[in-house]
Amino acid sequence: RVRPAGSLIALAIGDALGAPLEGSPQPDAWVTEMLPGGRHSRKKGEWTDDTLQAVAVAESLVACKGFCENDIVKKLSGSYIVRPEWFGPTSSAFFNLVRSGILPHHAALIVHKRNNGSRSNGSVMRGFPLGIFYPAPEVCTISLACSKVTHYDPVAGHCSAFLNTMVSDMCRGTSRGAAFRHARALCVNQEVHTRLGNYDDYEPEPSLDCVLCSHAALYCFMKARTLEYALLSAINLGGDADTVGACCGALAGAYWGRVAIPERWSSELVGYPVLV
């Protein structure tokens with residue numbers, strides 16, 4: 001049985017919980033509730049572009065009955081127009097170029113060269129609906145393709161593929177340990193395999209970098225005994241707290257399911273009905 005709602009809702013909750021801490025140092029006292037504020041003065045329970053983009057990917061998969069690159073670009077571009085200030089450096093530059101008439105594949109390469117790389121975590125945070133939609137190992141190939149739309153560096157795609165494989169397996173009833181071992185076995189990128197495949201050997205760093213962000217989310221998820229503790233561990237790292245929280249939430253929701261999400265969080269989540 002697939003448990004899509006739990007993964008997507010928990011992604012949004014991790015995003016909203018982490019949003020007020022985005023770009024901040026690790027807090028002295030743990031944040032445990034939805035708060036307003038942050039970089040863009042968000043309302044309590046309001047999500048960021050992490051959820052906005054994940055919803056766009058999910059809507060595209062439903063509309064097209066699978067991955068369609070052109071439709072993904074169209075729907076993500078539509079999200080960008082709504083909230084351009086929310087988007088990260090790689091995605092923002094990409095959508096600005098596409099809106100100016102440059103073809104997506106050329107735009108991704110241009111951004112990669114201009115920014116001296118495209119290792120940011122934007123394609124990881126939005127990709128989890130692929131794990132809900134596709135069974136592993138099919139999700140690996142699709143994750144790489146979806147990531148490359150905006151993030152030319154393949155390491156971002158391999159991070160997405162690793163976490164999406166776990167989400168895919170866990171949504172379909174696989175245990176957390178088995179899902180992790182499967183993702184590690186399918187991972188062919190040495191850097192991602194080393195860091196994520198040996199997550200316990202490294203302390204989490206809540207970075208914009210796709211590998212470090214993915215590792216931090218995986219670390220917090222694998223160490224936690226409950227969904228609530230997983231998300232709180234992730235967001236209270238500070239740094240790119242909204243994205244680490246979103247990625248950890250997607251994993252935790254796929255594993256523990258919607259039933260494990262605290263009602264005090266879901267009741268305060270802006271736009272909750274869209275995700276159910």
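The values are calculated or read from the model by the stated rules, or taken from the named source; none is laboratory data. Source: prediction; values computed, not measured. When we count neighbours, we look across all protein chains shown, and the Cβ atoms used for this are built from the backbone with ideal geometry, even at glycine. Quick note on the areas: whole protein, heavy atoms, side chains included, nothing else; ligands and nucleic acids left out. Shrake-Rupley method; radii C 1.70, N 1.55, O 1.52, S 1.80 Å.
A few points about this structure:
- Residue count, segment 208-231 (criterion: open to solvent by 10 Å² or more (accessible area, probe 1.4 Å), outside any helix (DSSP H, G or I) and either on the phi > 0 side of the Ramachandran plot or without any contact (Cβ under 8 Å) to a residue 40 or more places away in the chain (or both)): 2
- Residue in segment 42-54 that is in contact with a helix residue (DSSP H, G or I) (Cβ under 6 Å, 6 or more places away or on another chain) and over 25 Å from Pro262 (Cβ atoms) present: no
- Counting the residues of segment 135-168 that are touching a residue at least 60 places away in the same chain (Cβ under 8 Å) and open to solvent by 10 Å² or more (accessible area, probe 1.4 Å) gives 2.
- Gly245 satisfies every condition listed in (1) in a loop (DSSP other than H, G, I, E, B); (2) open to solvent by less than 30 Å² (accessible area, probe 1.4 Å) except (1).
- Tallying residues that are more than 17 Å from Val244 (Cβ to Cβ), of a type in the set (S, T, N, Q) and under 17 Å from the mean Cα position of the chain (by Cα) within segment 31-63 yields 1.
- Selection over segment 74-112 of residues that are farther than 22 Å from Glu22 by Cα and not in a helix (DSSP H, G or I) gives a count of 4.
- With respect to the conditions (1) open to solvent by less than 20 Å² (accessible area, probe 1.4 Å); (2) over 17 Å from the mean Cα position of the chain (by Cα); (3) among the charged types (D, E, K, R), Arg114 falls short on a single one, namely (1).
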